[in-house]
Each structure stands twice: as C-alpha cells, then as structure tokens.
Amino acid sequence: MLRFLSRRLLQGVFVIFGLSIFIFVISRIIPGDPAKMALGPRATETAVEQLREEMHLNDSIPEQYYYWITGALKGDLGKSVNTKRAVVEDVSEFLPATIELVIVSGIILIVVSLLLGVLAARYKDTWIDALIRFTAYIGIAIPSFVMAIIFLLIFGLVLQWVPVLGRLSPGMTPPPTVTGLMMVDSLIAGDMAAFWDAFEHIILPAISLALGGLLQEARILRSAISDNMGKEYIAVARGYGIPNNKIMNKYLLKPSMIPVVSVMGLDLASLMGNAFLVEKIFNWPGLSRYGLNAMLTKDLNAISAVILIIGLMFLVINIVVDIIIAALDPRIRLGD
Amino acid sequence: MTNELLSIKDLEVWYKTYRGYAKVVNGVNLTVNKGEKVGVVGESGCGKTTTMKSILRMNVQSAYVNSGEILYSGENILKMNEAKLQEIRRRDIAMISQEPSAALNPVFTIGEQIRDVIRYSDTKKKFTKEEMQSKAIDAIKSVMISDPERILASYPYQLSGGMKQRICIAMGLVVPRNVLIADEPGTALDVTIQDQIHRLLHNLVEEKDMSLIMITHSLGVARELVDRIHVMYAGDVVEVAKTDDLFKKPLHPYTIGLLDCVPKLSGGGISEGIYGYVPSYINPAPGCRFASRCPKATQICREQKPSMTSVDAEHSVACFNYQ
Amino acid sequence: MENQGRIHKNTFMKESTRENMRMYWYKFSRNKLSVLGLLLVISSIVIAIFAPVIAPFPQHVEAFVDYNNASLAPSSTYWFGTDIFGRDILSRIIFAFRGALYMSIIVLAIAVPVGTLLGLIAGYFGGWFEVVIMRLTDIFLSIPAIILALSIASVLEPNLTSSMIAVTVMWWPWYTRMVAGMAKSYSKEYFIKNAELIGASKFHILFREILPNCISPILTKMALDVGWVMLIGATLSYCGLGEQPPTPAFGQMISDGSKYMPDLWWMTIYPAMAIAYIILGFNLLGDGISDMFNKGRQ
C-alpha cells in the first residue's frame, strides 16, 4: 500500500512538472508581445523594453522557463495584467470559493449518484428504473452551462426559492475568514443566519455542477450491478440462501463500486473544469471565474497560475480516489 | 421407493435467445434416494448444469422453467414460497459450482464468505464470531488444507485453482446437509488434483451420510464415485441404471458410444468416438435428439420422441430399439 | 469435387455473415433506446447535409437584419421565433448542426488515428516508447479537458479552427491510453506470439493482428465521443472562443439568448434543446454499439 502510494505521488510530481512545461509552452506560443499587451497600446517603446527585460522575454525559451519555474516554486507566479496584483494574491483570494463549491458539489454527486444507482438496480425494469435512466440520458445530454441557466431561471428567478448570485446576500456581514469556506467559517463564528444564507447561495450552483456526473455515475453503477447480477458468485450466494438485501448491499455493491469509483474520480476532478461555466453564470467569485476572465483577456500569468493550481487539485483528487479504489479492491491494495 | 429424497419430474427449462427459445432441458426425470450417490453424465452443454441449478432456483434470468416439478421430501421446490426455499438452500441442499474461480466473490476474504454461509444456516441461533470461525476452520481442515487461518484471511485471487475448488467444497459442507450437488468438480484442474478432489468428495459424503449428485462428462469418473448413473444427451435423460449394470449392459446407442470413449487398459488404441455434433436447441427436429448421430436410427426415431421404458427394475432407457 | 467444395464454403460464409448481422442487430435493437439513438443521429446528419434545402430562411444564417420581425415569439412563419436581429432561430439551428457535426468529425478524424497509433506503439513495443508516450498522455490528462481546451483556444485566434485544434490536442490521449492497455495485454497472448514466431512484420502485427481486436471499444468510444466533442465545442463557443458571429453555433446562440431570459426564452431554449437532441442521439447510439459488441448474454 505504501509503495503503491509513494509510486503514485512520484508519478504526480512528474506529471505536474510536465504540465508546467506544457503551460509554459502554451503561454509562449501566443501571437503578439506579452509586454506590449500588458502595458496597453499607449505605452512608450522604452517602457515596453524595460518590461520585456523584467519579464525575461529577451532570454532564450529554456532560460525563460527556468525563471518562471523557480519563481513558481518560490510562490511567485508573476503579476496579473487585469488586477495589477500578484497572481498568487488573486489565487488565494478566489480559490476558497471554488474549493467550497467543488466540495459541496462533490458530496452531492457521491451521495445522490450511489442512491440513484442502487435504486435503479434494485427496481430494475420497473418504472423507477426507467425514470432514473431516462433522466440520466437527458441529464448527460444537456450541457452543464445550459442546466445552470435553466436552474437559475426556474428556481432563482421564477420560483424565487433561493438567492442566485454570489456567495452571500448583500446585507449579510461575512463571518471572519478562517478557512475561507463561507459555510465552515460561519459555523466557526456561530453565525447560523450566515451559514443558512451561504447554504442557500451555494446549493443551486453546486447541484447544476454535480448533475451531469451524478447521473452518469448512477447509470454506471446500475449497469455494473446488473452485470454482476449474472456472475456465478451471486448465483452461489443465492444458492446458499444469503438474504436478498444482504446480496444486494454486500455481495453485489462492493464489486460494482470499483468501476464507479474510478469514473467518479474523473468526474470529481472535472467538476473543476465545469466550475468555469457555472461560476460565470452564478457570478460565483471563485478561481474559475477569475481564470475564465484571464483567458478571455489573455492574461498569461493568471492563466498559467490557474491551470497549475487546478492541475494540483486534480492530482490530489485522483490520489484520493486511487486510495479509495485500493480500499475496495484487494487486488490493487495487496499488489499482484 | 419410500426413501426417495429428491426427484425431478418432466423438467423443461428454456433459455431466451435472439433466435427464439432454446429448449435446453427437455423433460428430464431424475431421482435421488437418501444416502445415495447419483451421477449425471453427458457432454458439455447437454443441460446437466441447467437442470441442477433449477433445483435451488439458481439459474440466470434468461432461463426459465417451462414445466415440470422438483420434489424435495414431497414438496415442490419450484412452487415454494421464498422463505421455505431459503430454508432448503441454507440447510438441506448445497451446490458446488463448476468454476471455483467464478464462484467466489473477488472482493471478500474466503473467511467472510464462509462465515456468511454459517451465519444464515440457522437464523434462530446467533452464532458468535468465534463459533463461526471455528466451524470455518474445521470445514477448511476437512478438505485437507493446512494452515486454515491464513486461507480464511486470503482473497480468492491469492489462491490456486485446486485450493479454490477445495474451498468451494468446504463451503458446501460447512453446514450439515442432506444433498450435495457437485458440478464437475475439478474439471479446470490437472488430473492428479482432480483425482484427489474426487476422493475427498467421496469420503466426505460417505462420512456424513449425505446424498450426492455428481455431474460429470466422464463415465470413468462416475464409475468410481456413484451408485447409479443418469446419462443425459441434449436435454434428455436417455438411460438410467445402476453403475455396474450400465457398464455391463449399456443399452442406449449414445451410452455405448460414450463407453467406447472410456480408455481401457486392454483396448486397442484410441476409440472412434461419436460422429457429429450436439444438435441445435432452437427449433430442434422432432423425434429423438440423438437420431442424427445414431448408427441405429430408423424412420420412427426421426419422427417421434422415444419415452423412457424399463427393461428391468433398476434399468430404463429411452430408445425405440428396446420398445 | 474441389469446385463443389468451394461453392459450399462460400455459401456457408455468406450465411454466417448474414447470421452475424442478424445477431448484431438483435443485440443492438433489443434496447429500444438504441434504435431511438440511431434515428436521432441519422436525422441530425440529414439535417446537417441538407441544411440549405431544409432551412426556411437560409439567408438568415449570415449577417442578416430585419428589425420589423425582431424578437418574435414562435409562430407558424417562424417556428422557433426570431432573435433580436429578426433572424429565424430554426434556420440558424439547422445550420448550427452543420458546424457541430463538422467539428466532431474533423476532431475525431485526427485524434482517433493519432491516439490509436501511439497507443499501439506504446502497448506493443513497450520500453522507452511506452514510458515516453504514456507519461505524455498522463500530462495531457492531468487537468480537466475543458480547461485545457479553453486555454489553448484562448491563446489562439477565436474561431472554429482554433477550437478544433484545441479539442483535438486534448482528445487523442484518451485513445492512446485505452489502446495501449489493450495492445499490451494482447502482445502477451499466443496469437501474437505465433505471428512473431512465423516472422510476421511489425506492421502486420500492429495493424492486422492487434488493431482488429481493438476495433469494437474504439468504435463504441467514438460514438460516445461525437457527443462529447460537440459538448466541449458548444462550451467553447458559449465562452466566445468558437465560431464567431454571424455564423451560428449552439453555444454562442445560447450565450446570446441567455441575456434576454426569460422574456425571449425561445432564443435560449430551442438551441439548448437542439444540442441536447444531437448529444442524446450519439449517447444512445454509443450504448447500443457497446451492447452490440458485448459478448455473452445473447
């Protein structure tokens, strides 16, 4: 197990290193002069030249990479052209909101998908199963940004069940920042009103973010369960008179979880990708909205930083998922 | 026939396929007496396993029983309610699966799986963990495995095929039962191990005074282990006789062909075997299913299905040549 | 005699091919949803091909302005209503099918062969080939596809070609990873060992022995991927990084329309339904294909 983990970590470090080269290459293939873009069209020739020198743009590409990566390791990812601040400062301001959204969304995804998957398999070929599968197909086919728009419209604007924009209502005083996660901070401060308000704000974006993956997993779990239903070991368990719900909850569920968890890992990780759009639509002040703005304005340092941070989060999630799979599957845990 | 324990009457099991229904079990009759060892012999795919799985209602969903009954102590298992059936599965009859690798759940330890069998064998009684463990250890020991604690803590993939086969037997015997159904045990293993498994099974059944239904494709194996043999061909039982009678005086042309395949010490080389293949189960021709391969087939064989006829008290055959 | 034998063999072959087709169709059509998927896909393709004939107002896909008929609700003339410039939404949706399908086809036509080839090489040859190729795919798969595509598209000029490049760059690694896994396990099997022993060329082993065995998972994945590529394409275009106006694209239409929600709901809802229609079709089709190749349980 330990060897498996350390190998996985080493691989992760390598991947992040590769990713940094990749990001760097992308940020340098951009047409036009980054220094000129940073200073705007009215900048003087000397000012541009000075900034070029500062940004090491006159050095060779490997040298430029060296400066960039050593800076990144020291926590210096350069300045944002948009906010005129250090990118690291921006990231630390916006990241917690994204993490909070992704965590809430991830919890919804895991809990609801397992519930629906088991339900569909248990009531296989009944109307419950048909309804869940039909919803799953529709849900997978509708892009998450469309889902977000529809949710915003129905529950936020027409029914007005929940507030829709931002993390807290305008009149609400945010709790003192401890973790940066609004709901956790308000609990720490003992401010239940703020907690509830934050919850109401996060629930809609979190659901729209989780929905696609959730339905996908429910479907995979259902089909894994129904595939395994035909396995000899289930017939044997049945032949020994093991009660039906025991077969369902133990003999069937555990082996069926393995394919679900591996896809779920990918989906949990891609929550961060879809967060880009959901944050935009719900005006959620997170890293993704910041990143998307950076992309649309070609704010290179900000783009690189956002991709790097997301790559890191992606890696962490994947390692956690690998650990869970290892816990479920003895073949992986004990090594062949 | 007062000591008749289990009997299958005119059982028909059909599989649903893309080309229609495959009539895989075509009216099988079979009886097992108390303490008797019965063999069911036939080629692969002749419906042996399907017939046996019907006894505990373990067949896959695409297979369903079209007609017939399976009586255990006078009660029809096929019409039984769930609770009664579970009682029989837990305490009376066990089936040892053909593929030990597929029969064990890959994500649970052997111990976990055996303990569940013990746990549910008596729902009124609450077994302690120690009781279950010691029963499991005894069962593992009884199938000649040393180091039972280690085996119980292992996962199936960590064990060899022979080991897994023994564990499957142990699982079937961990609770005392009246009938044990063994589906080609050891087929996937090499001959010496297979032989050990057969001996083991034979001794355990004798020791515990159980009835045994042994499914095999080899008459040779059946001869060593069982008292009475049912020969099956393409979903039909074609001949039933005491083991000795069958070998002395085989009647059905298929049985005769099968006997030719059993290697003899004094024989002259390899036998010719039986010409041809098992016919299709979907829209089979009327008449005897063996007719297309039968050296003695006549017109009537191709038109009508022969019924089971007794030639003497313990020997019956389904063939027009003896009617 | 010999001649007769050959004829016999040929009819036998034909019979078995027909039998196979029948079996495949049985497995595919057993799930009625797969048949529905096939219908949705065929209709989408027909719409895309015959767009200029089908669209009631083909001229509305260009920079067309008719303020007299702007922002009209769906009616018998404009089935799906008109946008704020007075353009027929239905006609624009019909043409958007073209762009979406075109993009998927180009992306997969490049990404699948490249990914498959690299996968075959990595899986069969192993060694350094495997290390280099597989680590490279790891890097590409280390961040969400959509972010990678967004960042690539953002540094290029915003247009359809850029978004196709962006999506292609991030799509091949999935095929590489999948094919490499299969090729690796096949390379240990006897039929490959036998081919090596009788001196078959590397080319023959890769393309005639291993590749045919990988075809069914590749096809299944491709059918599903057509939908996913469209989804990513729509997302890029929603962010303003795909096809530029006035040429219609689903994401861009939805993005424009969402500014006028809920009053001009038809500007958003119909394009959203159209993209759901086509993606649903390919998803159902993909599942059907996967059932079709699924061995066992006939």
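Side notes on the structure shown:
This table checks each residue for (1) in a helix (DSSP H, G or I); (2) modelled with pLDDT of 85 or more; (3) more than 30 Å from C:Y102 (Cβ to Cβ).
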| site | (1), (2), (3) |
| --- | --- |
| C:E196 | yes, yes, yes |
| C:P212 | yes, yes, no |
| C:S216 | yes, no, no |
| C:M222 | yes, yes, no |
| C:G227 | yes, yes, no |
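- Within this structure, A:M248 passes the test of being within 14 Å of chain B (Cβ to nearest Cβ) and either closer than 30 Å to C:G286 by Cα or outside any helix (DSSP H, G or I) (or both).
- Of the residues A:V91, A:V81, the single one that is under 30 Å from A:P174 (Cβ atoms), in contact (Cβ under 8 Å) with a residue 40 or more places away in the chain, aliphatic (A, V, I, L, M) and not assigned by TED's automatic domain parsing to the domain that holds A:S288 is A:V81.
- Selection of segment A:297-318 for residues being hydrophobic (A, V, I, L, M, F, W, C), touching a Ser or Thr at 6+ places or on another chain (Cβ under 7 Å) and either within 28 Å of A:L57 (Cβ to Cβ) or more than 7 Å from every other protein chain (Cβ to nearest Cβ) (or both) yields A:L300, A:A302, A:I303, A:I307, A:L308.
- Of the residues making up segment A:282-296, those that are surrounded by fewer than 24 Cβ atoms within 10 Å (Cβ to Cβ), more than 7 Å from chain C (Cβ to nearest Cβ) and assigned to a helix (DSSP H, G or I) number 2.
- Applying a threshold of 8 Å to beta carbon distances and a minimum spacing of six or more residues, or different chains, the list of pairs starting in segment A:251-270 at a residue that is within 14 Å of chain C (Cβ to nearest Cβ) and ending at one that is outside any helix (DSSP H, G or I) and surrounded by 20 or more Cβ atoms within 10 Å (Cβ to Cβ) reads A:A269/C:P144; A:S270/C:P144.
- Residues considered: C:M164, C:M170. Of these, the only one that is out of contact with any Gly (no Cβ under 6 Å at 6 or more places or on another chain), farther than 23 Å from A:S20 by Cβ and part of a helix (DSSP H, G or I) is C:M164.
- Identity of the residue in segment B:205-224, part of a helix (DSSP H, G or I) and in contact with a Leu (Cβ under 6 Å, 6 or more places away or on another chain), that ends up farthest from B:P176 (Cα to Cα): B:L219
- Per the listing B:S62, B:S101, B:S67, the residue uniquely more than 20 Å from A:P243 (Cβ to Cβ), away from chain A (no Cβ under 11 Å) and of a type in the set (S, T, N, Q) is B:S67.
- Residue ID - farthest from B:V231 (Cα to Cα), chosen from residues in segment B:21-43 that are in a loop (DSSP other than H, G, I, E, B) and under 14 Å from the mean Cα position of the chain (by Cα): B:E36
- Taking the listed residues B:K53, B:K9, B:K16, the one that is over 24 Å from B:S307 (Cα atoms) and part of a strand (DSSP E or B) is B:K16, with no other qualifying.
- Residue tally, condition buried (at least 21 other Cβ atoms within 10 Å of the Cβ), under 19 Å from C:K221 (Cα atoms), hydrophobic (A, V, I, L, M, F, W, C) and more than 8 Å from chain A (Cβ to nearest Cβ), over segment C:141-188: 8
- Among residues of segment C:203-246 being of a type in the set (F, W, Y) and over 29 Å from C:K193 (Cα atoms), the one that is nearest to the other protein chains (Cβ to nearest Cβ) is C:Y238.
- Among residues of segment B:16-50, those that are closer than 27 Å to C:Y26 by Cα and in contact (Cβ under 8 Å) with a residue 24 or more places away in the chain, counted: 16
- Only one of C:G251, C:G233 that is small (G, A, S), within 15 Å of the chain's Cα centre (by Cα) and at pLDDT 85 or above: C:G233
- The number of residues in segment C:246-287 being farther than 20 Å from C:I47 by Cα, free of Cβ contacts under 8 Å to residues at least 12 places away in the same chain and not polar (S, T, N, Q) comes to 5.
- In the set (1) more than 13 Å from every other protein chain (Cβ to nearest Cβ); (2) closer than 24 Å to B:G39 by Cβ, B:I137 fails one condition alone, (2).
- Looking across segment A:121-148, just one residue is away from chain C (no Cβ under 12 Å), of a type in the set (A, V, I, L, M) and out of contact with any helix residue (DSSP H, G or I) (no Cβ under 8 Å at 6 or more places or on another chain), and that is A:L131.
- Among the residues of segment B:222-241, just one is over 25 Å from B:C288 (Cα atoms) and crowded, with 22+ Cβ neighbours inside 10 Å, namely B:V226.
Yes/no per residue for (1) within 12 Å of chain C (Cβ to nearest Cβ); (2) surrounded by fewer than 24 Cβ atoms within 10 Å (Cβ to Cβ); (3) of a type in the set (S, T, N, Q):
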position	(1), (2), (3)
A:Q216	yes, yes, yes
A:I234	no, yes, no
A:R238	no, yes, no
A:P243	no, yes, no
A:F276	yes, no, no
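- Residue satisfying all of: in segment A:116-136; without any contact (Cβ under 8 Å) to a residue 24 or more places away in the chain and in a helix (DSSP H, G or I); surrounded by the fewest Cβ atoms within 10 Å (Cβ to Cβ) among these: A:W127
- Criterion applied to B:M171, B:M163 was being at negative phi and under 20 Å from the mean Cα position of the chain (by Cα), and the one residue passing it is B:M171.
- Where A:D197 falls short, out of the listed (1) assigned to a helix (DSSP H, G or I); (2) surrounded by fewer than 21 Cβ atoms within 10 Å (Cβ to Cβ): (2)
- Screening segment B:113-148 for residues that are under 23 Å from A:A327 (Cβ atoms) and without any contact (Cβ under 8 Å) to a residue 24 or more places away in the chain and picking the one that is farthest from the chain's Cα centre (by Cα) gives B:K129.
- Residue satisfying all of: in segment B:290-315; acidic (D, E) and outside any loop (DSSP other than H, G, I, E, B); surrounded by the most Cβ atoms within 10 Å (Cβ to Cβ) among these: B:E303
- Test: residue in segment B:86-98 that is touching a helix residue (DSSP H, G or I) at 6+ places or on another chain (Cβ under 9 Å), surrounded by 17 or more Cβ atoms within 10 Å (Cβ to Cβ) and under 24 Å from B:E239 (Cα atoms): yes
- Which numbered condition A:D125 fails, given (1) at negative phi; (2) acidic (D, E); (3) over 24 Å from the mean Cα position of the chain (by Cα): (1)
- Of residues in segment C:258-272 being farther than 22 Å from C:L101 by Cα and part of a helix (DSSP H, G or I), the one modelled with the lowest pLDDT: C:S258
The values are calculated or read from the model by the stated rules, or taken from the named source; none is laboratory data. Computed from a predicted model, the values in this text were never measured in an experiment. A quick note on method: Cβ atoms are made from the backbone with ideal geometry, for glycine too, and the neighbour counts reach across all protein chains shown.
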